[in-house]
């Protein structure tokens, strides 16, 4: 049988330069070009921290319990609320809303609808109950005004057949910030109508009241599936349980911290869901990487405490780099220039950072507590039967453990791909291109309430209004006019001409009468489109009114309202998407160049990540826009892609792919230093990591997929997109394209221009440190 790692000149150079105490590398001290005595290397700090945590495991575990309990208690007492705020500062819609709120506050605020439906007879037959309900609503806190459908003879808010009517309500605060207790008050306020036998549903902003995300079922399903996968991999309940318990501690702590920060920072209502979705995935994966490395070292006979320290200095260092990349990538969402999107990234980054801290402190504490029981039960049974200690038995089988990397099924797969890199590479790229084809027909926009489940009140209100008044009434466009300083008759003539021109515009169903404030400086009226709020035709109508129709009149005017605000939101994000992609790619390029001292590796990673993310985008479009298999995920209608979803998926998946890239290529690089054989190093690297990467990817996929049961279509979209992206990355990219390309590149994979060598930091993520003067590649 071939020896696992024969002597190689590069390896002998490294051995002569290695530390005499066999301590593991430090990637930041090398980065700074420092010798061991100059300053405390970060890898050594990670080792020391893990060593203390392993020896004083109960202190660290109890400390985490206290921290978690304190954060949960503080969250309950002082936690903030989550609010959706799509307003784009400086946009046309924001300027119109500001003018309305300052000069005509009775017409300003955040609008909503309360829909009344008579399943038999007419709503007018219960007019007194409806009026009483609307009066009760007008007395609720934060309500600016509430107008009954029967306030006057021609309100236009009663359907032709009289079976559907709606009241308009405006709030001084965003309705999405109002909690379930406020929803209870609203339900009590409309009780006269429900007692009269009318169906009552809340539309537009009113439908957002008390809509808190419930992720417990998704979390339980995801963790249960993760436990099953970990049990299959480790064959030990203790080894499988450590990543899960650490994940629960870290995610709960991160979410509690997020709720406290929500007191001073506005986070969207989907912020906790996205943070949970990402946090669970990375937390379990980071715990898995730590436990897998520790188990591997124990299986070669390494002593427990030394193994824990070495795990922290190697896999722990990789986690710091990979986790930091994820955090920085999602924080890159602030490049969008939209606070709503940036705060989604901040929410995710907070939880990711907490999971990193947990992986570096709590996981080593659990490993110290578990000691040898972390090994597979079958291995411990064999040692007991042989009458030797677990460590002695592991030392006896150390050579077999090393050889297994090179002779495993995964290693054989790596050699098969490396032997025929062109066919495998071309086939993989072709699949990625085909999957990305739907991306070219993507439509960006904000979904309306018509995409929500029919069990939700806001969907019921949407359907009733569509039935009674037309779909456009669900998303009226509000035109705010700053009237010139002239006579009321001139102003009336101006408004009449303006409304007449708008009414003649294609895509306009009707125009409501104008209201003028008491000082005669501001007028407001609504434009009802013929199409639903999320339709591309409605978006086009907003642009037509702004660019072509309203400028005809010599008066300052704005198109505002929820739909117009969503249009501005989409346009703002779309204009920044390219800059965000460039920034995230540049950050990852720098980190990978420093980690492997190769611009080839960094370039390859950037290109492959873009290909895999493009394929994931294509899957999103095919399911959510084209409707392929939409019923399988509980989607009731097709919808446009919210502009922030591609941005969010790109940042998260690009960061996550760093986990697998670093974990795989660090082992390939280590084997390359030892053997100098490009084909063999790929086989060894895949053999050593593929099982862990595959399990980690499957855990990510099941965790992400478990959130498909969330009723919010946008959450479903993120879950599907991220699950497919990880699936593509861990299968086509890591298992086929990477070994194929690495085989084709050979020694050139590790090329770094000589002029760049002194500038690029020395990062070392796995294996012994390469000290200054070592060569990472042959001449």
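The values are calculated or read from the model by the stated rules, or taken from the named source; none is laboratory data. In this text, all values refer to a predicted model and were calculated from it rather than measured experimentally. Backbone-built Cβ (ideal geometry, glycine too); neighbour counts: all protein chains shown.
Each residue in region 449-502 was checked for being under 30 Å from residue 709 (Cα atoms) and in a loop (DSSP other than H, G, I, E, B), and 6 pass. Of all residues assigned to region 377-390, at least one qualifies as being modelled with pLDDT under 85, surrounded by 14 or more Cβ atoms within 10 Å (Cβ to Cβ) and more than 15 Å from residue 301 (Cβ to Cβ). For region 572-590, the criterion of being touching a residue at least 40 places away in the same chain (Cβ under 8 Å), crowded, with 16+ Cβ neighbours inside 10 Å and more than 30 Å from residue 333 (Cα to Cα) is met by no residue.
Residues considered: 632, 643. Of these, the only one that is touching a strand residue (DSSP E or B) at 6+ places or on another chain (Cβ under 9 Å) and in the same structural domain as residue 709 (by TED's automatic domain parsing) is 643. In the set (1) out of contact with any helix residue (DSSP H, G or I) (no Cβ under 8 Å at 6 or more places or on another chain); (2) in the same structural domain as residue 665 (by TED's automatic domain parsing); (3) modelled with pLDDT of 90 or more, residue 428 fails one condition alone, (1).
Among the residues making up region 69-105, those that are assigned to a helix (DSSP H, G or I) and free of Cβ contacts under 8 Å to residues at least 40 places away in the same chain are 69, 70, 73, 76, 77, 98, 101, 102, 105.
Looking only at residues that are buried (at least 24 other Cβ atoms within 10 Å of the Cβ) and farther than 13 Å from residue 71 by Cβ in region 255-272, which one is farthest from the chain's Cα centre (by Cα)? Residue satisfying both the conditions and the ranking: 267. Among residues of region 636-660 that are closer than 14 Å to residue 330 by Cβ, those with a Cβ under 9 angstrom from a residue that is assigned to a loop (DSSP other than H, G, I, E, B) and at pLDDT below 90, sequence gap 6+ or separate chain, pair up as 644/338. Test residue 622 against the stated conditions and say whether it is surrounded by 24 or more Cβ atoms within 10 Å (Cβ to Cβ) and either assigned to a helix (DSSP H, G or I) or at positive phi (or both). For residue 622, the condition - surrounded by 24 or more Cβ atoms within 10 Å (Cβ to Cβ) and either assigned to a helix (DSSP H, G or I) or at positive phi (or both) - is not met. When residue 741 is tested against the conditions (1) within 25 Å of the chain's Cα centre (by Cα); (2) part of a helix (DSSP H, G or I), the lone failure is (1). A search for C-beta distances below 6 Å between a residue of region 119-132 that is under 11 Å from residue 196 (Cα atoms) and assigned by TED's automatic domain parsing to the domain that holds residue 155 and any residue that is assigned to a helix (DSSP H, G or I) and at pLDDT 95 or above, counting only pairs 6+ apart in sequence or on different chains, returns 129/192; 129/193; 130/193. Residue check: residue 141 meets all listed conditions (1) surrounded by fewer than 16 Cβ atoms within 10 Å (Cβ to Cβ); (2) assigned to a helix (DSSP H, G or I) but one, namely (2).
Criterion first (surrounded by fewer than 20 Cβ atoms within 10 Å (Cβ to Cβ) and either under 27 Å from the mean Cα position of the chain (by Cα) or within 27 Å of residue 468 (Cα to Cα) (or both)) does residue 235 satisfy it? Judged against the criteria, residue 235 is not a match.
Remark: residue 567 falls outside the filter, which requires a residue to be under 30 Å from residue 741 (Cα atoms), part of a helix (DSSP H, G or I) and not assigned by TED's automatic domain parsing to the domain that holds residue 480. Being closer than 17 Å to residue 549 by Cβ and assigned to a loop (DSSP other than H, G, I, E, B) is the filter; apply it to region 508-530 and report the residue that is nearest to the chain's Cα centre (by Cα). Looking at residues that are closer than 17 Å to residue 549 by Cβ and assigned to a loop (DSSP other than H, G, I, E, B), I get 530. Note on region 161-182: residues that are surrounded by 19 or more Cβ atoms within 10 Å (Cβ to Cβ) and either in contact with a helix residue (DSSP H, G or I) (Cβ under 8 Å, 6 or more places away or on another chain) or closer than 21 Å to residue 462 by Cβ (or both) total 13.
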